[in-house]
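Undergrad: Okay, here's the structure, questions in a sec.
None of the figures in this text is laboratory data; all of them are computed from the coordinates on show. None of these values were measured; they are calculated from a predicted model. Here the Cβ is made from the backbone with ideal geometry for all residues, glycine too, and neighbour counts use every protein chain on show.
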Amino acid sequence: MRKFLCLCVALAFLSALFPGCAGMEQTVRDNPKTTIGAGTGVLGGAVVGGLLGGKRGALIGGLLGGLAGGAVGHYLDQQEKDRAQTSREYDYSPSQGTRLRIEAVQANPESVSPGETVNINLTYAVLTPTADTQVLVRETREILLNDGQVGKTSIDISREGGTWKSTVPITLPANAAPGNYRVIASIETRSAGTDRRETSFRVVP
C-alpha cells in the first residue's frame, strides 16, 4: 500500500518534470555523479527516485515578499567524500555517536540581477558510528531581506556517513527587490541536533 501511494505521488509530479528534462539531461552529462531531484515551480519538486525508494521526501517551500513570483528549481546532491575519509578529517571515533557539521554554505553567484538564478550550495559532513548507519537529515534554507523571510525550502533526506554537497537553485522574479539577502542554512537530525551557517547574496538593479 505504501509503495502504491508513493508511486501515485511520484506520478503526480511527472507533469512538472517533462518541461525540464532537457536541462536535467544536460546536468547529468556535466555531473555524472549527481543525484537529481525533480520538478520546478514556486513550491519546488519531489525527489521522485527517493520517493520510490522510501529514503527521500519532497522539496517543499516557497518564495514570498520580495521574491514572490520566483521559482525553486531542481534539487541536486552528490557525495564528495566517503565515510572513511570524512571520519579521518574530523578525527572521529564511533563512541561519539552520530554527528553533523556544516562545512560551507555559499550563494553562487554572490551578485545577481532580477530574473537571474542564484544557487544556494550547502556542504556538510555526516559522521556515523557504522558504515550501514542511515541518518534522516533535514536540510533547510531560509532567505531573508531586511530581517523579513522571503523564502524557505526544506527537504528530509536519508544520508550515510560522508561529506555531502547539495544545491537548490532560486530563480528570482523580474521584479525582485534590490538589496542584500541573507541565507540561513541548517541541517538537523533527531539524534545529532542542529548545525547552522549563514551566507548572503546581493540583488542589483
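Undergrad: In region 163-205, which residues are surrounded by fewer than 18 Cβ atoms within 10 Å (Cβ to Cβ) and hydrophobic (A, V, I, L, M, F, W, C)?
TA: A174, A177, I184, V204
Undergrad: In region 73-93, which residue that is surrounded by 18 or more Cβ atoms within 10 Å (Cβ to Cβ) and within 13 Å of P129 (Cα to Cα) is farthest from the chain's Cα centre (by Cα)?
TA: My answer is Y92.
Undergrad: Do we find a residue being surrounded by fewer than 21 Cβ atoms within 10 Å (Cβ to Cβ) and part of a strand (DSSP E or B) anywhere in region 120-127?
TA: Residues of region 120-127 that are surrounded by fewer than 21 Cβ atoms within 10 Å (Cβ to Cβ), as a first pass: 121, 123.
Right, trim to part of a strand (DSSP E or B) and you get 121, 123.
Yes, region 120-127 contains at least one residue that is surrounded by fewer than 21 Cβ atoms within 10 Å (Cβ to Cβ) and part of a strand (DSSP E or B).
Undergrad: Output the number of the condition that E160 fails; it satisfies all remaining conditions of (1) crowded, with 18+ Cβ neighbours inside 10 Å; (2) under 19 Å from the mean Cα position of the chain (by Cα); (3) closer than 17 Å to Q79 by Cα.
TA: Unmet for E160, out of (1) crowded, with 18+ Cβ neighbours inside 10 Å; (2) under 19 Å from the mean Cα position of the chain (by Cα); (3) closer than 17 Å to Q79 by Cα: (1).
Undergrad: When the residues of region 133-147 are filtered to those that are in a strand (DSSP E or B) and acidic (D, E), which remaining residue is farthest from the chain's Cα centre (by Cα)? Steps first, answer last, please.
TA: We begin by selecting, within region 133-147, every residue in a strand (DSSP E or B); these are 135-145.
Right, trim to acidic (D, E) and you get 139, 142.
Working: E139: 6, E142: 11 Å.
Only one residue fits best here, namely E142.
Undergrad: Something else: Counting just the residues of region 94-116 that are more than 20 Å from the chain's Cα centre (by Cα) and in a loop (DSSP other than H, G, I, E, B), which one comes out nearest to E80 (Cα to Cα)?
TA: Here the answer is T98.
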